[in-house]
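First the structure, in the form of structure tokens, and then the observations on it.
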Amino acid sequence: MKSILNELYQQKRLTKAEARQILIDIAAEKYNDAHLASFMTVFMMRPITVDELAGFREALKELAIKIDLSEFNAIDIVGTGGDGKDTFNISTLTSFVVAGTGNKVTKHGNYSVSSQSGSSDMLESFGYEFTNDADRLKKQVDQANICFLHAPKFHPAMKAVGPTRKALALKTFFNMLGPLVNPSSPKNHMLGTFNLEVARLYNYILQEEGDNYAIIHALDGYDEISLTGPFKMYARSGESLINPSDLGLNRVNGTDILGGKNVQEAAAIFETILNGDGTEAQNNVVLTNAAFALTILDESKEFGVAFEEAKKSLLDGKAKQCLQKLVTL
């Protein structure tokens, strides 16, 4: 690792093959914490290249414990995290709203690194038990319309760097990788990124593949549709800039979508929204993200129709039922 770091400190870039091999060695725990922290820090000081990201991704997918859920036409709804906005768990709530419409969700996620509560923190607080057992996960998708794939259960490299990432408490290239390495390889993706550069990298990688996808970045820094301003969306059909007013919705203030100071507060906000008692701003943010997810699953569906489907799922308690069922299976 010393020689690799010396080259990187001289502004050299990794080839795709080099990046792949380093991730394989990280998973094998060949490096100490200091070297890992230094390596991750490099990519916080300069942009990651497409080859580097693709090589890291290839290694993670190669090493992952695979789970075959291909019998379901599922979607993953996940953000990079690391946007520093401390919102409530928008993508996780969105996932349950989509599941409540009858669609299938195979959500990939992890504990929080740079915010108060990640998707894994949230589900664990509601009593969900992480698993990589294929039969159990299939049962969850079949009966609750959703399962949760806790990244360390499937990715040895992520498990190996978990303590170092937690100690750094900063976004690293592992934040960029998470949304790209769902071990069930769903054919539909709604991915949020903390900056436009990462969104473009995602688009470059995903357009080479055959999946349906939308990549979201709010121009004021959110890794999801925040309705605090315009957001950029990349899809196979092209890119677009969308304002809340284009959707017939009002802008919201950043303070309206904060997520609490700890997991307990975040869980209370999550539960309030899932119970149908969220504020208009909270509900509209979740429903907008869910509506776009539904249009990825069915490209012929108009946003307004999808929004009403999502609203029915949330306010009729169907999304809540999916969570209640999930934690019992």
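The values are calculated or read from the model by the stated rules, or taken from the named source; none is laboratory data. Values in this document were obtained by computation on a predicted structure and should not be read as measured data. Positions of Cβ are backbone-derived with ideal geometry, glycine not excepted, and every protein chain shown enters the neighbour counts.
Side notes on the structure shown:
- Residue within region 58-78 that is in contact with a His (Cβ under 9 Å, 6 or more places away or on another chain) and free of Cβ contacts under 8 Å to residues at least 60 places away in the same chain present: no
- Checking E18, E58 one by one, the residue that is under 18 Å from L201 (Cβ atoms), within 19 Å of the chain's Cα centre (by Cα) and surrounded by fewer than 24 Cβ atoms within 10 Å (Cβ to Cβ) is E58 and no other.
- Any chance N284 is part of a loop (DSSP other than H, G, I, E, B) and of a type in the set (S, T, N, Q): no
- Any hit, region 179-190, residues being closer than 27 Å to D25 by Cα and assigned to a helix (DSSP H, G or I): yes
- Within region 245-267, tally of residues that are surrounded by 14 or more Cβ atoms within 10 Å (Cβ to Cβ), of a type outside the set (V, I, T) and either over 24 Å from Y213 (Cβ atoms) or without any contact (Cβ under 8 Å) to a residue 40 or more places away in the chain (or both): 10
- One residue stands out in region 78-110 among those that are in a strand (DSSP E or B) and touching a Phe, Trp or Tyr at 6+ places or on another chain (Cβ under 9 Å): the one that is nearest to G229 (Cα to Cα), namely T87.
- Which listed residue, of I65, I48, I77, I26, is in contact with a helix residue (DSSP H, G or I) (Cβ under 6 Å, 6 or more places away or on another chain), at pLDDT 95 or above and aliphatic (A, V, I, L, M): I77
- Selected residue (only one of F303, F307, F270, F231 is aromatic (F, W, Y), in the same structural domain as Y204 (by TED's automatic domain parsing) and closer than 22 Å to F148 by Cβ): F270
- Residue match in region 225-244 (condition: in a helix (DSSP H, G or I), surrounded by fewer than 18 Cβ atoms within 10 Å (Cβ to Cβ) and of a type outside the set (D, E)): no
- L287 vs. criteria in contact with a Phe, Trp or Tyr (Cβ under 7 Å, 6 or more places away or on another chain) and farther than 23 Å from I146 by Cα: no
- Of the residues in region 272-279, at least one is touching a residue at least 40 places away in the same chain (Cβ under 8 Å), part of a helix (DSSP H, G or I) and buried (at least 16 other Cβ atoms within 10 Å of the Cβ).
- Number of the exception - V305 against (1) under 20 Å from G79 (Cα atoms); (2) in a helix (DSSP H, G or I): (1)
- Residues of region 186-216 satisfying the condition of being of a type in the set (S, T, N, Q) and touching a helix residue (DSSP H, G or I) at 6+ places or on another chain (Cβ under 8 Å): N188, T193, N212
- Test: residue in region 29-50 that is of a type in the set (F, W, Y), surrounded by fewer than 16 Cβ atoms within 10 Å (Cβ to Cβ) and assigned to a helix (DSSP H, G or I): no
- Against the conditions (1) touching a His at 6+ places or on another chain (Cβ under 7 Å); (2) surrounded by fewer than 20 Cβ atoms within 10 Å (Cβ to Cβ), L149 satisfies every one except (2).
- Condition check for I216: buried (at least 23 other Cβ atoms within 10 Å of the Cβ), more than 21 Å from R57 (Cβ to Cβ), in contact (Cβ under 8 Å) with a residue 60 or more places away in the chain and out of contact with any Pro (no Cβ under 6 Å at 6 or more places or on another chain): no
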